[in-house]
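The values are calculated or read from the model by the stated rules, or taken from the named source; none is laboratory data. This is a predicted model, so every value here is computed, not measured. Here the Cβ positions follow ideal geometry from the backbone for every residue, glycine too, while neighbour counts run over all protein chains shown. Heavy atoms of the whole protein, side chains included, go into the accessibility calculation; ligands, DNA and RNA do not. Shrake-Rupley method; radii C 1.70, N 1.55, O 1.52, S 1.80 Å.
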Amino acid sequence: MAKAFPDVKKIRYEGPGSKNPLAFKHYNPDELVEGKPMAEHLRFSVAYWHTFRNAGADQFGQATRLMPWDDGSDSVENAVNRVRVAFEFFEKLGAEFYCFHDRDVAPEGATLAESHRNLDEVVKVLKDEQERTGVKLLWGTANLFAHPRYMHGAATSCNADAFAYAAAQVAKAMEVTKELGGAGYTFWGGREGYKSLLNTDMGRELDHLGRFLHMAVDYKKQIGFDGQFYIEPKPKEPTKHQYDSDAAACFAFLQKYDLVDHLKLNIEANHATLAGHTFIHELEFCLTNGILGSVDANRGDLLLGWDTDQFPTNLYDTTMAMLTILRGGGFTTGGLNFDAHVARESFEPVDLFHAHIGGMDAFARGLKAAAAIRKDNRLEDFLKQRYASWDAGVGADIEAGNLDFGELSEYMLKKGEIAPNASGRVEMLENILNEYI
Ligand code: XUL
Ligand code: CO
């Protein structure tokens with residue numbers, strides 16, 4: 001098969017002085033940061049759906065992207081061809097992982113059995129290509145939102161058969177993820193939500209989603225899949241109210257349905273901002289609650305109210321994100337998956353390289369900056385000092401559970417007024433951060 005990107009050679013690290021657009025200026029996979037190679041810290045992954053299936057159409061216009069390798073058909077042959085192209089891309093880029101939905105990689109058949117067969121055929125080629133290149137599967141997932149059968153949702157559909165179909169699809173997607181040695185499996189509740197309460201039994205739908213995930217946990221044990229499960233929060237789009245709207249909603253849901261031990265979160269930057277949070281807030285919330293699993297690395301546009309899925313370029317965000325991720329000890333099964341697509345006007349195959357190189361360099365810079373900030377200790381020392389009143393005296397006694405309201409009343413009546421507050425020094429701290437960006 002002719003190469004899809006004949007003019008692009010393997011992307012190399014050339015350092016910050018390089019003017020070569022097809023080279024890394026910061027991502028140097030083997031360079032050690034805090035004693036670990038950058039590649040192991042960052043675990044970059046390419047999203048199959050955006051990179052090889054999203055042709056650039058929007059609600060106002062047709063597809064723009066040139067994909068000379070794709071004959072536009074829904075044949076298995078075309079799907080297999082696409083896999084070869086995808087792995088040529090992963091290899092030349094130097095991304096160690098990829099992620100896919102079942103229906104991105106293989107066409108939906110006329111029946112469920114045919115869809116399973118199509119998937120099996122493509123998975124054989126995925127496996128061969130993984131072995132040939134060493135590229136690994138970060139996580140797999142099932143598309144439970146595109147087909148009209150899921151118009152009312154999948155696990156939360158009013159139609160019990162839609163739940164059953166989704167279960168069959170997820171079971172199969174988990175099997176192939178296991179077959180491909182996937183490090184994880186993600187649940188994004190594409191249509192698990194509602195538009196109108198007039199036709200929605202919220203309590204019943206939530207119970208069904210809890211049941212669905214328990215069935216997935218059971219099936220995972222049954223087939224011996226030992227990858228990590230993730231749930232990916234998103235507040236709206238496609239439905240007005242999504243049940244998994246943000247990290248806090250997911251955590252409450254996982255606790256209510258006794259699923260915290262089985263799922264971590266896959267935090268997507270653009271979903272965080274749609275929820276009215278920052279990307280970093282969502283990461284920090286997960287870290288604090290022991291549920292930080294993986295990241296869908298992208299960027300929204302704060303002037304647009306939808307999921308624009310742009311490639312991450314904001315160094316402030318990547319630095320803050322890497323600070324949180326490093327503080328948590330780094331990724332184990334998770335990684336940085338570019339759930340992002342090129343702009344509609346960036347229609348040539350080479351644009352895929354520019355986009356991913358930019359995202360990888362942005363996170364590499366964030367990683368280096370975060371490590372330097374941690375070495376400097378000024379931010380950490382400030383934080384420690386800010387909470388010093390909790391390290392001894394009344395603070396330490398409250399934390400230890402040694403005091404009640406009566407004793408605290410006595411303490412305060414005697415003391416009369418609180419110790420003077422210290423400045424939060426927000427601007428000084430922001431200035432320190434900017435020294436490194
Ligand atoms: C949708 C989205 C999905 C999930 C996987 O906004 O982020 O692509 O990452 O289903
Ligand atoms: Co995503």
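How much area per residue is accessible in segment 304-437 when the probe is 1.4 Å and only protein heavy atoms are counted (Å²)?
Working: 7690 Å² over 134 residues.
Roughly 57 Å² per residue, with all protein chains present.
Nearest 20 debye, what's the magnitude of the dipole of segment 221-308 about its Cα centre given +1 on Lys and Arg Cβ and -1 on Asp and Glu Cβ?
Values: 7 positive and 13 negative charges, 33 e Å.
It works out to roughly 160 debye.
I'd like to compare 269-278, 34-43: which one has the highest average count of other Cβ atoms within 10 Å, and what's the full order after that? Provide the component values of the computation, followed by the final result.
Working: 269-278: 21.5, 34-43: 17.2.
Put in order of decreasing packing, that is 269-278, 34-43.
Could you give me the ³J(HN,Hα) list for segment 210-215, computed from phi with Karplus coefficients 6.51, -1.76, 1.60 and θ = phi - 60°, whole Hz, x at Gly and Pro?
x, 4, 4, 5, 5, 4
Which residue, chosen from 193, 273, 263, occupies the Cα position most advanced towards the positive end of the dipole of segment 171-289, where the dipole is computed from +1 (Lys, Arg) and -1 (Asp, Glu) charges on Cβ about the Cα centre?
Among 193, 273, 263, the one farthest towards the positive end of the dipole of segment 171-289 is 193.
How big is the dipole moment of segment 150-201 about its Cα centre under a simple scheme where the beta carbon of each Lys and Arg is +1, that of each Asp and Glu is -1, and everything else is neutral? Debye, nearest 20, please.
Values: 4 positive and 5 negative charges, 23 e Å.
Taking the Cα centre of segment 150-201 as origin, the dipole is about 120 debye.
Work through the residues other than residue 436 whose Cβ is under 12 Å from its Cβ and net out their charges, Lys, Arg +1 and Asp, Glu -1. Intermediate results must be reported in sequence, preceding the final value.
Values: positive: 365, 368, 374, 375, 378; negative: 376, 430, 435.
Net charge around residue 436: +2.
Any idea what diffusion coefficient segment 1-121 gets from Stokes-Einstein, in µm²/s, Kirkwood Rh on alpha carbon pairs, 25 °C, 0.890 mPa s? Intermediate results must be reported in sequence, preceding the final value.
Details: Rh = 16.6 Å.
Calculated translational D: 147 µm²/s.
Calculate for the chain the 222 nm mean residue ellipticity that helices alone would give, adding -39,500 (n - 2.57) per DSSP H run of length 4 or more and normalising by residue count, nearest 500 deg cm²/dmol.
Details: 15 runs with 194 residues, N = 437.
-14000 deg cm²/dmol, from helical runs alone.
Within the accessible area of the chain, what % is carbon and sulfur when the probe is 1.4 Å and the other protein chains stay in place?
On the way: 11160 of 21200 Å².
Roughly 53 percent of what the probe reaches on the chain is carbon or sulfur.
Sum up the charges of everything whose Cβ sits under 10 Å from the Cβ of residue 300, counting Lys and Arg as +1 and Asp and Glu as -1, but leave residue 300 out. Display every interim value, and only then the final one.
On the way: positive: 299; negative: 268, 301, 307, 309.
Net of charged neighbours comes to -3.
With a cut-off of 8 Å between alpha carbons and a minimum separation of six or more residues, what is the relative contact order of segment 318-418 in percent?
Working: 38 pairs, mean separation 32.8, N = 101.
Here the relative contact order equals 32 percent.
Compute the distance in nm between two label points, each set 7 Å from the Cα along the Cα-to-Cβ direction, one at residue 404 and one at residue 114.
Each label point lies 7 Å from its Cα, and together they span 7.2 nm.
Name the chymotrypsin sites (Phe, Trp or Tyr not before Pro) in segment 216-321 that are in a loop by DSSP and that have at most 11 other C-beta atoms within 10 Å, would you?
On the way: sites: 219, 225, 229, 230, 243, 251, 253, 257, 279, 285, 306, 316; in loops: 225, 243, 257, 306.
Passing sites in segment 216-321 are 306.
What do you get for chymotrypsin sites (Phe, Trp or Tyr not before Pro) in segment 166-206 restricted to DSSP loop and a cutoff of at most 14 other Cβ within 10 Å of the site's Cβ? Don't jump to the answer; show the numbers that get you there.
Values: sites: 185, 187, 188, 194; in loops: 188.
For chymotrypsin sites (Phe, Trp or Tyr not before Pro) across segment 166-206 that sit outside H, G, I, E and B with at most 14 neighbouring Cβ atoms in 10 Å, the list is empty.
If you average the C-alpha positions of segment 370-421 and of segment 265-324 separately, how far apart do those two centres end up, in angstrom?
Result: 30 Å between the Cα centres.
Using r as the Cβ-Cβ distance of residue 160 and residue 255, and R0 as 30 Å, what FRET efficiency do you calculate, to the nearest 0.05?
Numbers: r = 26 Å, r/R0 = 0.87.
Approximately 0.70, to the nearest 0.05.
How big is the charge dipole of the chain about its Cα centre, in debye rounded to the nearest 20, if each Lys and Arg gets +1 on its Cβ and each Asp and Glu gets -1 on its Cβ?
Numbers: 46 positive and 64 negative charges, 113 e Å.
The dipole magnitude comes to about 540 debye.
Would you mind computing, in nm to one decimal, how far apart the modelled labels at residue 386 and residue 432 are, each placed 7 Å from Cα along Cα→Cβ?
In this crude label model, residue 386 to residue 432 measures out at 0.9 nm.
As I understand it, the value is the acute angle between the Cα axis of helix 350-376 and the longest principal axis of the Cα atoms of the chain; what does it come to in degrees, rounded to 10?
20
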